[in-house]
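The values are calculated or read from the model by the stated rules, or taken from the named source; none is laboratory data. Quick caveat: nothing in here was measured; it's all calculated off a predicted structure. In this analysis, Cβ positions are derived from the backbone assuming ideal geometry, glycine residues included, and neighbour counts consider all displayed protein chains. Calculation scope for accessible area: heavy atoms of the full protein, side chains included, ligands and nucleic acids excluded. Shrake-Rupley method; radii C 1.70, N 1.55, O 1.52, S 1.80 Å.
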Amino acid sequence: MYNKGYLNDKVAVVTGGSKGIGASITEELAQEGAIVIANYNKDLKKAEELVEKVKEFGGYVSCLPGDVTDEEHMLRLAETVKSRFGRIDILVNNAGITQDKIFSKMEANDWNKVIDTNLNGIYNSTHSVLPIMKEQKEGSIVNISSIIGQMGAVGQVNYSAAKAGVIGFTKSLAHEMARYNIRVNAVCPGFVNTAMTEKIPENIKEKLVSKIPMGRFAEKEEVAKTVRFLVTEGTYITGQEINVNGGMYM
Ligand code: NDP
């Protein structure tokens with residue numbers, strides 16, 4: 001086992017941790033020596049590939065299925081991790097989806113699905129893990145929000161509302177949890193090269209890139225390293241929204 005990081009013997013749960021940004025976060029934390037439990041919803045193959053990849057550098061990851069929209073699933077996940085590993089030090093709420101449509105054409109299902117996954121999902125996982133962290137009097141939670149929660153975007157009223165909600169959730173929970181030595185922060189990526197942004201048509205991508213001072217989308221690892229910083233050296237940081245957006249603002 002890799003044994004030289006800030007996170008030796010720490011236990012981390014990453015929702016949606018088996019692919020995209022979540023997989024990079026899983027790898028980054030495992031590189032620091034953490035025992036990482038990467039939750040996934042449907043894609044078992046990606047989860048298995050990640051376990052192999054992390055094993056290659058001597059890290060430890062275990063993949064557990066569970067739908068963040070189902071409170072029972074998240075409770076079971078937290079209980080399983082606690083009984084297998086004894087504690088949960090880090091929770092990264094990363095699972096998220098888009099279901100874009102112009103608002104006039106958006107149906108209740110488009111709205112509910114995105115709010116359920118991207119916002120209610122964070123309630124479910126956090127509510128399940130917090131009693132464990134409170135008992136330990138120690139913990140760090142990082143919620144993956146988005147620049148879209150800060151500036152809005154055409155066709156993303158549902159996504160933007162959910163991600164703005166994540167920022168409010170973060171700030172309020174940080175107030176409540178500081179006395180338990182539990183820090184709560186949000187990371188707001190701009191546009192990142194993942195399956196989620198592959199769906200954006202090339203001409204729109206070009207327009208977006210022209211608005212990013214750094215002239216490119218982020219790589220997943222750049223978001224993951226920010227999360228690593230928050231859960232390792234960022235010991236006096238709580239209630240913050242950390243922008244990882246290449247200088248892109250409204
Ligand atoms: P991907 O689509 O690549 O990965 C999404 C992950 O979330 C997958 O592991 C997926 O698991 C999991 N997931 C989806 N629904 C559920 C669910 N109901 N329960 C549990 N897991 C679920 O997305 P990204 O890596 O691009 O995005 C990760 C996060 O970053 C999201 O919250 C997203 O909103 C945010 N973000 C992304 C940006 C980007 O440009 N890509 C920019 C800003 C924020 P499975 O495949 O098994 O279903």
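Return the total of residues in the stretch 59-91 being outside any loop (DSSP other than H, G, I, E, B) and either small (Gly, Ala, Ser) or out of contact with any Leu (no Cβ under 8 Å at 6 or more places or on another chain) (or both). Write out each step before concluding.
From the stretch 59-91, those outside any loop (DSSP other than H, G, I, E, B) are 60-65, 71-85, 90-91; that's our starting set.
If we keep only those that are either small (Gly, Ala, Ser) or out of contact with any Leu (no Cβ under 8 Å at 6 or more places or on another chain) (or both) as well, we get 60, 62, 71-76, 78-79, 82-85, 91.
Final tally of qualifying residues: 15.
Residues in the stretch 208-229 that are of a type in the set (A, V, I, L, M) and within 11 Å of the ligand (Cβ to nearest atom) were compared, and the one that is modelled with the lowest pLDDT is Leu208.
Residue pairs whose Cβ atoms lie under 8 Å apart, separated by 6 or more positions or on different chains, with the first residue in the stretch 92-118 and under 15 Å from Gly66 (Cβ atoms) and of a type in the set (S, T, N, Q) and the second away from the ligand (no atom under 12 Å from the Cβ) and open to solvent by less than 30 Å² (accessible area, probe 1.4 Å), are Asn93/Thr126; Asn93/Ile141.
Applying the set (1) surrounded by fewer than 20 Cβ atoms within 10 Å (Cβ to Cβ); (2) under 23 Å from Ala38 (Cβ atoms) to Lys220 leaves exactly one unmet item: (1).
Taking each residue of the stretch 78-90 that is without any contact (Cβ under 8 Å) to a residue 60 or more places away in the chain and looking for partners that are crowded, with 18+ Cβ neighbours inside 10 Å with beta-carbon atoms closer than 7 Å, six or more apart or interchain, yields Thr80/Leu64; Lys82/Ile88; Lys82/Ile132.
Taking the stretch 40-50 only, how many residues are near the ligand (Cβ under 6 Å from one of its atoms) and touching a helix residue (DSSP H, G or I) at 6+ places or on another chain (Cβ under 8 Å)?
Let us first name the residues in the stretch 40-50 that are near the ligand (Cβ under 6 Å from one of its atoms), namely 40-43.
Those left that are additionally touching a helix residue (DSSP H, G or I) at 6+ places or on another chain (Cβ under 8 Å): 40.
Number satisfying all stated conditions: 1.
Run down Met248, Met177, Met151 and say which single residue is surrounded by 15 or more Cβ atoms within 10 Å (Cβ to Cβ) and under 17 Å from Ile122 (Cβ atoms).
Working: Met248 fails: under 17 Å from Ile122 (Cβ atoms); Met151 fails: under 17 Å from Ile122 (Cβ atoms).
Every option except Met177 fails the conditions.
Within the stretch 164-174, the set of residues being within 21 Å of Arg228 (Cα to Cα) and open to solvent by 10 Å² or more (accessible area, probe 1.4 Å) comprises Ile167, Phe169, Lys171, Leu173. Condition first: more than 12 Å from the ligand (Cβ to nearest atom) and open to solvent by 80 Å² or more (accessible area, probe 1.4 Å). Now tell me which residues in the stretch 113-132 satisfy that. Within the stretch 113-132, Tyr123, His127 qualify. Within the stretch 39-53, none of the residues are within 17 Å of Val231 (Cβ to Cβ) and either open to solvent by 20 Å² or more (accessible area, probe 1.4 Å) or in a loop (DSSP other than H, G, I, E, B) (or both).
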